Amino acid sequence: MRALQVGPHRIATPVVLAPMAGITNTAFRRLCREQMAAEGGQGLFVSEMVTSRALIERNDESMRLIQHDPDENPRSVQLYGVDPGTVGACVSMLLSEDRADHIDLNFGCPVQKVTRKGGGAALPWKAGLFAAIVSAAVKAATPYGVPVTVKMRKGIDADHLSYLDAGRIAEAEGVATVALHGRTAAEYYSGQADWSAIGRLKEAVTSIPVLGNGDIWSADDAVRMMAETGADGVVVGRGCLGRPWLFADLAAGLQGRDTRRQPPLGYVLATMRRHIELLIEHYEGYEKPFKSTDRDADRNSENRACRDFRKHIAWYFKGYVVGKETRAALAMISSLAEFDDLAGQLDGSQPYPGEGAEGPRGRAGSPRPVSLPPGWLDSREIDGELAGMLREAELSVSGG
């Protein structure tokens with residue numbers, strides 16, 4: 001294993017936590033860092049995707065998304081944008097106010113509300129626009145010594161691949177690393193990631209690190225991907241859902257050790273409780289209520305934390321024998337006391353279920369046509385009328 005160099009930042013363990021909307025908040029990032037540190041590792045943990053326009057407008061929710069723990073280093077923020085001026089201004093704002101140590105640009109999001117505006121995985125097809133956005137971000141970050149990186153997909157679909165061109169452009173514009181998810185936008189998360197594309201990108205981009213993303217479900221997958229593709233590191237997304245200890249496995253595996261976490265149910269329950277505790281800290285002092293008829297309850301950080309945590313329960317219990325009634329009750333908790341009561345009814349000595357707890361998790365979806373702006377595929381370039389439309393269409397809501 002070699003350390004990953006991201007501009008001035010030396011990442012001892014070449015592993016990056018992928019931004020995931022509604023998942024990679026400060027609480028989850030800290031939980032993953034703690035797990036990796038337990039095996040002597042140190043990775044890069046990226047915030048949820050935040051839109052450039054929303055940050056410039058100082059949208060309350062977007063400003064909350066870029067919060068970091070005092071001990072997060074480097075502080076990493078992923079930005080989305082379709083207008084070079086907006087992206088550049090956002091980078092300048094973040095760095096002049098000392099809010100980030102690393103900027104990642106999102107060119108890989110496949111969701112329709114992003115691609116139909118020309119953003120995410122759709123954008124690299126417009127090579128000139130892609131170059132302009134990357135250039136604007138790098139120029140804004142350079143005076144502060146902050147590295148800019150790019151995360152992307154293979155392209156829009158099998159007939160409209162852009163990753164090799166985009167990789168060379170990003171390298172020429174001065175980014176610190178490029179990361180490739182081995183799927184197109186049309187594939188969403190279905191099927192199997194094409195690791196061979198990561199290898200081809202590594203051959204095309206020679207002066208900066210290339211990272212691989214897609215189907216890293218275990219430490220052994222990470223080791224195999226790097227060996228097969230020559231990638232300088234891996235980006236891990238859905239594989240850590242309900243398994244933050246995957247980062248402990250990655251730290252051990254990439255150091256050549258056979259140590260792997262195979263936790264009994266009691267360890268899983270303790271990790272779940274730690275996750276809730278960190279979410280409570282995350283929401284403390286945040287006054288804006290969620291949409292609800294019970295605003296007073298929503299203002300309680302413990303209530304918010306428990307509500308946020310509910311989506312994680314099925315992932316944590318994957319493979320373990322936990323009754324439907326208990327699962328349903330845990331999916332309705334509103335306090336730590338309720339969690340403790342229900343967790344206390346389970347047999348913590350239940351052993352690790354092996355294969356049943358491993359492998360794919362999260363929604364894979366199925367291949368689908370990609371929503372795009374009218375005429376998007378007609379040319380690799382962009383005219384003035386379309387550029388104006390993009391500026392007007394810049395999303396003002398964060399989260400991907």
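Exactly one of these conditions fails for residue 112: (1) at pLDDT 95 or above; (2) open to solvent by 20 Å² or more (accessible area, probe 1.4 Å). Give me its number.
Result: residue 112 passes all but (1).
Given 191, 199, which one is open to solvent by 10 Å² or more (accessible area, probe 1.4 Å) and at pLDDT below 95?
One residue alone meets the criteria, 191.
Being touching a residue at least 60 places away in the same chain (Cβ under 8 Å) and either part of a loop (DSSP other than H, G, I, E, B) or open to solvent by 40 Å² or more (accessible area, probe 1.4 Å) (or both) is the filter here; which residues of region 202-214 pass it?
209
In region 340-351, how many are open to solvent by 40 Å² or more (accessible area, probe 1.4 Å) and outside any helix (DSSP H, G or I)?
Looking only at that region, the number is 5.
When you go through 375, 365 one by one, which is the residue that is modelled with pLDDT of 70 or more, over 30 Å from residue 239 (Cα atoms) and open to solvent by 30 Å² or more (accessible area, probe 1.4 Å)?
Just one listed residue meets the conditions, 375.
I'd like to verify a number: residues in region 311-348 that are over 16 Å from residue 271 (Cβ atoms) and touching a residue at least 12 places away in the same chain (Cβ under 8 Å), how many?
11
Of the residues that sit in region 314-330 and are among the hydroxyl-bearing types (Ser, Thr, Tyr) and assigned to a helix (DSSP H, G or I), which one is farthest from the chain's Cα centre (by Cα)?
The qualifying residue farthest from the chain's Cα centre (by Cα) is 326.
Quick one: residue 11 ticks every box in (1) open to solvent by less than 40 Å² (accessible area, probe 1.4 Å); (2) within 26 Å of residue 390 (Cα to Cα) except a single one, so which number is it?
(2)
Scan region 236-247 and tell me whether some residue there is buried (at least 20 other Cβ atoms within 10 Å of the Cβ), closer than 14 Å to residue 14 by Cα and in contact with a His (Cβ under 9 Å, 6 or more places away or on another chain).
No, region 236-247 has no match at all.
Of all residues in region 115-139, which are among the basic types (Lys, Arg) and either assigned to a helix (DSSP H, G or I) or crowded, with 21+ Cβ neighbours inside 10 Å (or both)?
117, 126, 139
I need the full set of residues from region 21-76 which are polar (S, T, N, Q) and open to solvent by 40 Å² or more (accessible area, probe 1.4 Å), in order please.
If the condition is that a residue be polar (S, T, N, Q) and open to solvent by 40 Å² or more (accessible area, probe 1.4 Å), then 42, 59, 67, 73 are the ones that fit.
Which ones in region 217-235 are more than 17 Å from residue 184 (Cα to Cα) and outside any helix (DSSP H, G or I)?
217, 218, 230, 231, 232, 233, 234
Would you check if residue 269 is assigned to a helix (DSSP H, G or I) and open to solvent by less than 10 Å² (accessible area, probe 1.4 Å)?
Here the answer is no, as residue 269 does not meet what is asked.
With respect to the numbered conditions (1) more than 30 Å from residue 275 (Cα to Cα); (2) open to solvent by less than 20 Å² (accessible area, probe 1.4 Å); (3) touching a residue at least 40 places away in the same chain (Cβ under 8 Å), which one is the sole condition not fulfilled by residue 163?
So the condition that residue 163 fails would be (3).
Of a type in the set (Gly, Ala, Ser), surrounded by fewer than 14 Cβ atoms within 10 Å (Cβ to Cβ), at pLDDT 95 or above and part of a helix (DSSP H, G or I): is that true of residue 337 in this structure?
yes
The values are calculated or read from the model by the stated rules, or taken from the named source; none is laboratory data. Because the structure is a prediction, the values reported are computed rather than measured. No Cβ is skipped: glycine too gets one built from the backbone with ideal geometry, and neighbour counts run over all protein chains shown. With ligands, DNA and RNA removed, areas are computed over all heavy atoms of the protein, side chains included. Shrake-Rupley method; radii C 1.70, N 1.55, O 1.52, S 1.80 Å.
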